[in-house]
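The values are calculated or read from the model by the stated rules, or taken from the named source; none is laboratory data. Values in this document were obtained by computation on a predicted structure and should not be read as measured data. Note: ideal-geometry Cβ built from the backbone for every residue, glycine included; neighbour counts use all protein chains shown. Ligands, DNA and RNA are excluded from the accessible area calculation, which covers all protein heavy atoms including side chains. Shrake-Rupley method; radii C 1.70, N 1.55, O 1.52, S 1.80 Å.
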Amino acid sequence: MTDTQIPTEQRLDIRLSVNGVPHTTTVTPRRLLSDCLRHDLGLTGTHVGCEHGVCGACTVRIDGKPMRACLMFAVSAQGHEITTVEGLAEPDGTMHPVQQAFRECHGLQCGFCTPGFLTVVSAFLEENPTPTEEEAREAVSGNLCRCTGYQNIVKSVLRAAEITEERKGCAHAEGDAR
Amino acid sequence: MKPPAFRYHAPTDLAEALDALAEVGHDGKVLAGGQSLIPMLNMRLAAPAHLVDINGLSELAYVRTDPGGVAVGALARHAEVEADEAAHAVVPLLRQGLRLVAHPVIRNRGTTVGSLAHADPSGEMTAVLALLGGSMTLARKGSTRTVAVEDFFVGPLEASIEEGELAVAAYFPRLPGRTGTEFVEIARRHGDYAMCGVAAAVTVDDDLRIVSARAAYLSLSPVPLVLDLTDALIGRTADTAVWQDAATLAAGSLEPEGDIHATAEYRAQLAGVLTVRALRTATERAALVDPNGTTGTTSTERSAR
Amino acid sequence: MTTKMFGAPVQRTEDLRLLVGNGRYLDDLGEGSYEAAFVRSPHARARITGIDVTGALDVDGLIAIYTYEDLTGRVAEPLPLLIPHPALTHGRTAYPLAKEFVNHVGEAVVMVVATDRYLAEDACERITVEYEALPPVVGIENAHRADRLVHDDVPGNCAAHLVQEVGDAPAAIAAAPNRLELKLDIERSACMPMEGRGVYARWDAADESLRVYTSTQTSTGVRAAVAAKLDLPLDRVECVTPDVGGGFGVKIVHPWPEEILIPWAARLLDHEVKWTEDRREHFISAAHERGQLQTVRVGFDDDGRLLGLDVEILHDNGAYTPYGIIVPIITSTQLLGPYKPGAYRVDFRSLYTNTVIVTPYRGAGRPQGVFAMERAMDAIADHLGKDRTEVRAVNFIQPDEMPYDHGLLFQDGRPLIYDSGDFPGSLDALKKLVGWDEFEAYRARARAEGRRVGIGVACYVEGTGVGPYEGGHVQVETTGKVVVATGLTSQGQGHQTVFAQIVADELGVPIEDVTVTTGDTRRFPYAVGTFASRAAVMSGNAIALAARNVKAKALRIAGEALEADPRDLEIVDGQVRVKGSPGASVALGTVAVLSNPLRYAFDEASKAATQLTGKADFSKPPVAEDDEPGLEGRDYYSPPTATFANGMHAVIVETDPDTAEIRILRYCVVHDCGHLINPMIVEGQVHGGVAQGVGGALYERMEYDEHGQLVNASFMDFLMPYASEVPKIEIDHLETPSPLNPLGIKGAGEAGVIPAAAVFASAIEDAEGFPITRMPIQPSELFHLRKRFAAGEIPALRRGADHAAGTHR
């Protein structure tokens, strides 16, 4: 049995910027960013599948770069812009091309791993807007999905690239019309 | 799977960080990228009383390249080092190894110095530093020392970082002359820790004959193992080399262990195959190196917050 | 004009929520609830000699600590044995918290409730449990040898011994011109959904009622179990299934200890309590499947036709048998695949080991059965020097032999009768798809390049849509919107979409107007659950029947309103109209208003309806004697037997001569599940199954050491495939409709995984030239098999050599 005195745990007031919205909350230093987003800020779109950094369900974007929210403490995320799945769509509710592509291509089944794929793919396509199928497969190869066999996820990545291009075309067309 | 409680320290510069480390002593751990540490905390395999978070130390978020090599600060993420063109030009083995470190998302957060300090013998960067004969810079309150790689790795997950010390930088020296390198590995799944990995460096003379051939081995020994395989290849060219001789020479010095993914014997087989593959590619690359090529000094800095 | 939805690749309605972060999974619920964590046994077999919780008492935020001694009433009894069977003579189940003994690493011993999970885990760490460690039983051979017992009162570690026989197989084999015996071994894997288990309970003290949310595959099952265990009337317990992050079988087991303990604690504490399983817990305290040792004896004629088949199976059921012996029963009956076995005898023993329980994982015993049969088929072809597909073809049940009665009892206790299927047609399609006949030329080219390639084939039949029943409820609201409910649950199969497709067609309404709820006992209290590829067949047909009832009623009421014969009416785009005269119509929503005589008009629709009702018939009451108010219908589908889907897979692999790495070059699937409701979703199911098959064949295994420790209990060492490990999957469909149900459909959920271990063994064996008898296989093992082969310890494939010699003599 343990007789050691349990020290009172530190609590820290932190500010986080998530999807462009500032939040303040109080956390213990060990509070994982995934838990803070989900349970302190109510952004439950970020999912927790393994808590050891392998499955990728918790992936969020930190200053644009995808990172595992289960392998970061909330307190370390201060001063960075965090983007979660809730922040991918346009403010008017228009789905992000990646979201639209996953729907069109049946890129999800149970949907649990999906937020992690969406954050990873949205970042990937910014770096590589016209991937080959092989590059698309490689891009999603750090995330586990148990439902889809990845076939339609890879398709979704390629389709998302097309949608992004199509939307650009539309924006240009509108611009020309003006 | 939630981490145990710890006292959190968030220094904003190196001096503060060293103060904090001096204060917490052996009860403290450094948090940089956290991609190895936090899983261990979540599984409660580690329970440090103090965590010193160095993510606020902008001054350590650098990749500095000079003609002699690449200095990587403690807060440079794997992905930043991997993407650094100047570093790649001077020490191509860095990118060759980094692209094999876990998955890109992990590399976005994990730090190169952190993975060296973690001293996992299956971590690619340990083999890279060992093969290049690099060094680590360790700072403590009031003093700094440089430790050569041979003295840095002490055992599995054990580096010669003392209580109160912080690994502030790693130095990856450029290999001289016409030297080509390659890093190959075989993992069960893409991105997993390798069952076996080999980093090779081959130097050729002006007639493209091999004058030096060395290989570093991953996941085969408690600390990164570098073997000089020159005897098996000396005087040969990429076309005339009998690569298997080098693999045979290497085999005599390898004592792999088995685990659930690969038996010792299978690991030895992989070591042989990968020795051949890595040496062959490194030799081919050596022929393409311009020995008189010069590189300027560049620096990539990033503000930590 | 309403487009026909059945058969169309309709995009999923669920995705609109799931893609933007608006899914609601178990752990997304219950903010502010207490959270539970468990102290679990670190020993595979031990006796608990003491539990000291004092060290935990000072933990900040601690609410309660419970051990077995604290459990009350029926909660203190062993968990139910869900599926009893006469052959299960020694069924054993665990207590919710270990009573005196623990029988596997991970068994729950102490439950801690705290204000959050971090603190609950802190408290767990500070609780000391003293154990007297006992030597465990690990591995099927050890269990069978029974030098030690898992349960002292279970002799031979044997939970069940079942023999089924048709004809005299040993005699048929003895008399056959050719005989072979195979010893086969298939290891454990697990469902491993991305979301683990989880339970969240809310006790309403004023109402004395309980609402349980659980990540389950059967909400009605959990509800009944919780009500019984907590001694509550059924109407005081509701069970709601939120979005479920994958099941694959593990969540059909119920009640899990936590599904009893969490509601029990919520009532006791009069506070919401939640438990969200973490990944480590899932590895060591949920369920695994697959592990079997098999001995297959076959006798066959010179064409390869089976004359007798005798199979003995040793099945590892883990430490307890809460789900009965369903898995080995399925293995022993579905082993037969598309073939006529001649005389058949199957004998299985279900054995206890000190490991995590074994319950159905997608495929549920079929992958093992198919492995046995298909290894035998390949061995027969090898023995005779025949093409592997030829031997299969001579054994096929022919389409004109359907329905085909095997003379056995299936997992539902009903006769094993195949209803339909065109096996020769499937095999032809597969050979064409993969290029079977051109493979030897390809192999020769590859060999010339120093590459080693092999092709494999495997066939299966899958009993889907087992009973006893499912129900559906369809209601047209006065807005014209249609709400549908069925009791079974969803874990990503797209039920909200496919059931809406069915209703849209049956009722003639736009699919956007149809909303489907599954797995909520408040909406539909009678159900069985989602397993055995049964949801589309069972609930799909029940919902179709319910929708037909609604349509009949709508036409009757509209007929009165429009003064037309209901037989002259049709429903198009939510409007009931006279065929050929679209002007005369009434909206379904208005019909819904008319169906429910109202005193009070409350909106425009009801006003309009009131005008339309016209003259009342004073001779009748407002609601006729044999009628009910409301435009709704409920119906059930309960088939006499399961419906049998089938499929055939082929794979081409390349094995590295140096590293023994196994690369998949092509993976081809021919699949027949009758009519496809939504081909996009069916293909998605096949894809997912194949990926799990790849995992089970080449990557995943549960690695227990001799002490019963699961040494790879993490995603780092339990190797689920990433996208980089799963090949492109090529699919062709046959659609042989089931004659058993109104929609002509068969289940599709499990199909993809079933033949994977068999097809990879077939292809690797073909590449290497020596028999593969053990799956999964990893490069390290293939490397050692090659060494043993080179040393003459493993025989080469015969490729008919001896047999040809024999027949020429």
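Residues of the range B:237-268 that lose at least 20 Å² of accessible area (1.4 Å probe, protein heavy atoms only) when the other protein chains are present, relative to their chain alone, are B:Ile260, B:His261, B:Thr263, B:Glu265, B:Tyr266. Under 5 Å from the amide H of C:Gln709 lies no amide H of any residue 5 or more positions distant or on a separate chain, with H modelled from the backbone and absent for Pro and chain starts. In whole percents, the pair-distance distribution calculated for the protein assembly as shown from its alpha-carbon pairs, binned every 10 Å from zero, is 2, 9, 16, 21, 21, 16, 10, 5, 2, 0, 0, 0.
Here, the range B:58-174 has an Rg and a Dmax of 12.9, 37 Å when only alpha carbons are counted. For the range B:58-174, the solvent-accessible area of protein heavy atoms averages 31 Å² per residue (probe radius 1.4 Å; ligands and nucleic acids excluded).
Evaluate E = 1/(1 + (r/R0)^6) for B:Ala83 and B:Thr297, where r is the Cβ-Cβ distance and R0 equals 22 Å; express this FRET efficiency to the nearest 0.05. The calculated FRET efficiency here is 0.75. Where in chain C are the DSSP H helices whose C-alpha atoms run 20 Å or more along the long axis and whose mean Kyte hydropathy is at least -0.5? Taking the DSSP H segments of chain C (at least 20 Å long, mean hydropathy at least -0.5), we get C:366-384, C:535-562, C:679-694. Summed over both chains, the accessible area lost when A and C associate is about 4800 Å², using a 1.4 Å probe. Buried on complex formation within the range C:1-43 (loss of at least 30 square angstrom of accessible surface versus the isolated chain, 1.4 Å probe, ligands and nucleic acids ignored): C:Gln11, C:Arg12, C:Asp15, C:Leu16, C:Leu18, C:Leu19, C:Val20, C:Gly21, C:Tyr25, C:Asp27, C:Asp28, C:Glu31. For the range C:1-160, the Cα gyration tensor yields ellipsoid semi-axes of 38, 30, 14 Å (square root of five times each eigenvalue, largest first, whole Å).
According to the Cα-based calculation, Rg over Rh for chain B is 0.99, with Rh computed by the Kirkwood formula. With each label modelled as a point 7 angstrom along the Cα→C-beta vector, the B:Asp290-B:Ile260 pair spans 5.2 nm. With a Förster radius of 56 Å, plug the Cβ-Cβ distance of C:Leu81 and B:Arg209 into 1/(1 + (r/R0)^6) and report the FRET value to the nearest 0.05. Efficiency computed from Cβ-Cβ geometry: 0.15.
Projected onto its three principal axes, the C-alpha set of chain A covers 71, 41, 24 Å, listed from the longest axis down.
Normalising the average separation of contacting C-alpha pairs (under 8 angstrom, six or more residues apart) by the number of residues puts the relative contact order of chain C at 15 percent. The fraction of Cα-Cα pairs per 5 angstrom bin, counted from 0 for the range C:91-214, comes to 2, 6, 9, 12, 14, 13, 12, 10, 7, 5, 4, 3, 2, 1, 0, 0 percent, rounded to whole percents. Rolling a 1.4 angstrom probe over the protein heavy atoms with all chains in place gives the range B:178-288 an accessible area of 39 Å² per residue. In this Cβ point-charge picture (+1 for Lys and Arg, -1 for Asp and Glu), the range C:468-637 has a dipole of about 160 debye about its Cα centre. As a ratio to 2.2 N^0.38 Å, the alpha-carbon radius of gyration computed for the range A:19-70 takes the value 1.10. Solvent-accessible area lost on pairing C with B (1.4 Å probe, both sides summed) amounts to about 2500 Å². Largest mean-square fluctuation among A:Gly142, A:Gly87, A:Gly42, in a Gaussian network model of chain A whose springs join Cα atoms under 10 Å apart, belongs to A:Gly42. Here the Karplus relation 6.51 cos²θ - 1.76 cosθ + 1.60, evaluated at θ = phi - 60°, turns the backbone of the range C:469-480 into coupling constants of 6, 9, x, x, 10, 10, 9, 9, 7, 5, 7, x Hz, with x for every Gly and Pro. Size of the range C:212-308: Rg and Dmax of its alpha carbons, in Å, are 20.8, 73. Taking the centroid of alpha carbons for each part, the range C:184-208 and the range B:5-34 are 40 Å apart. If you look at the Cα atoms of chain C, you get an Rg and a Dmax of 28.6, 97 Å. Share of carbon and sulfur in the accessible area of the range C:468-637 stands at 51%, probe radius 1.4 Å. Summary of packing: across the peptides A:125-137, C:456-468, C:787-799, the per-residue average of other C-beta atoms within 10 Å ranks them, highest first, as C:456-468, A:125-137, C:787-799. Of the heavy-atom accessible surface of the range C:57-139 (probe 1.4 angstrom), what whole percent is carbon and sulfur? Here it works out to 51 percent.
Averaged across orientations, what area in nm² does the convex hull of the alpha carbons in the range C:76-164 project?
Average of the hull's projected areas for the range C:76-164 equals 8.2 nm².
Think of each Lys and Arg Cβ as +1 and each Asp and Glu Cβ as -1; about the Cα centre, that makes the dipole of the range A:97-177 roughly 460 debye. Rounded to the nearest 20, the size of the Cβ-charge dipole of the protein assembly as shown about its Cα centre is 1120 debye, with Lys and Arg at +1 and Asp and Glu at -1.
Between B:Ser221 and C:Ala448, how high is the FRET efficiency from 1/(1 + (r/R0)^6) when r is the Cβ-Cβ distance and R₀ = 41 Å? Nearest 0.05.
Once rounded, the FRET efficiency stands at 0.55.
Remark: chain C carries 34 Å² of accessible area per residue (probe radius 1.4 Å; ligands, DNA and RNA excluded).
When the P(r) of the range B:154-305 is calculated, the portion above 26 Å amounts to 38% of the C-alpha pairs. Model label points for C:Ala133 and B:Val154, set 7 angstrom from Cα along the Cα-to-Cβ axis, are 2.9 nm apart.
For chain B, averaging the sequence separation of C-alpha pairs within contact (under 8 Å, six or more residues apart) and dividing by the residue count gives a relative contact order of 18 percent.
Its Cα gyration tensor gives the range B:125-228 an equivalent ellipsoid. The semi-axes, each the square root of 5 times an eigenvalue, are 27, 20, 10 Å from largest down.
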